[in-house]
Amino acid sequence: MNPALALLEFGSIATGIRAGDAMIKRGLVSEIVAGTVHSGKYLVLVVGEVGAVEEAVAAGVEAGGSELLDLVLLADVHPRVAAAVRGARVGPAGEALGVIETKTVAATIEAADAAVKGATVELVEVHLADGLGGKGYALFSGTVSDVEAAVAIGLGRLAPGMLVGSVVIPRLHDEMGDNIFEHFRFGGRIGWDGGFDAAG
């Protein structure tokens, strides 16, 4: 069995730090990663045995109170999701591209895990929060029917109000694929270094 993974998302940095401290004190997790993301949210991710992760989540929920925006707890996280959360990317391996965009990081992880467990697709990338105003998205590739199934399954796991948008694109044009997979952000594609200098 794969390890459990949980992520809690807080609207207050101070509360998030307190919750992260409570989580690591309560649950004997194997790893905790915490920090700020756009736009002023605080994330706490824990990995470990199911019981320890569940205990940590309970402590985080209690400490977070009304500042807890969202959470995901995956008792058996898919290895490709765990890798994607850490920044792993793979090239497109199929004829179609699927996109699920959500309002929170936790919702993106939840949808991605359900999608790759429920359909034969490649998880191309999971992009979380930074540079996205706190949102997240997941990209899937495969046959048209498999990507359609993956997106439908992922959407089925989202809580009401969490979806920003979704799409399945058959036969993605090569040039559009290059724009997506080489560097998704517009500034990175056009050569901006953190700011736009109109004078060049």
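Each value in this text was obtained by applying a stated rule to the coordinates, not by laboratory testing. The shown structure was predicted, so the numbers you read here are calculated from the model rather than taken from an experiment. Cβ placement follows ideal geometry from the backbone for every residue including glycine, while neighbour counts extend to all protein chains displayed.
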Practice problem: Under a cut-off of 28 Å between alpha-carbon atoms, report the lysines in cross-link reach of K25, not counting same-chain residues fewer than 8 places apart. | Solution: K41
Quiz item: Quick one: helix 144-156 against the long Cα principal axis of the chain, what's the angle to the nearest 10°, folded into 0 to 90?
Solution: 30
Quiz item: How far is helix 50-64 tilted off the main Cα axis of the chain, in degrees rounded to 10, range 0 to 90?
Solution: 80
Quiz item: How large is the dipole of the range 4-74 about the Cα centre if only Lys and Arg carry +1 and Asp and Glu carry -1, each at its Cβ, rounded to the nearest 20 debye?
Solution: 180
Quiz item: How do D178, D113 line up, fewest other C-beta atoms within 10 Å first?
Solution: D178, D113
Exercise. Mind checking which aspartates and glutamates have their Cα closer than 14 Å to the Cα of K103? Skip sequence neighbours fewer than 8 apart in that chain.
Key: E9, D70, D130
Quiz item: Angle, helix 13-26 long axis vs. longest principal axis of the chain, Cα atoms, 0 to 90°, nearest 10?
Solution: 60
Quiz item: Quick one: Cα convex hull volume of the chain, Å³ per residue?
Solution: 121
Exercise. Choose one of H78, A107, G134: the residue whose Cα lies farthest towards the positive end of the charge dipole of the range 73-146 (beta-carbon charges +1 Lys, Arg; -1 Asp, Glu; about the Cα centre).
Key: G134
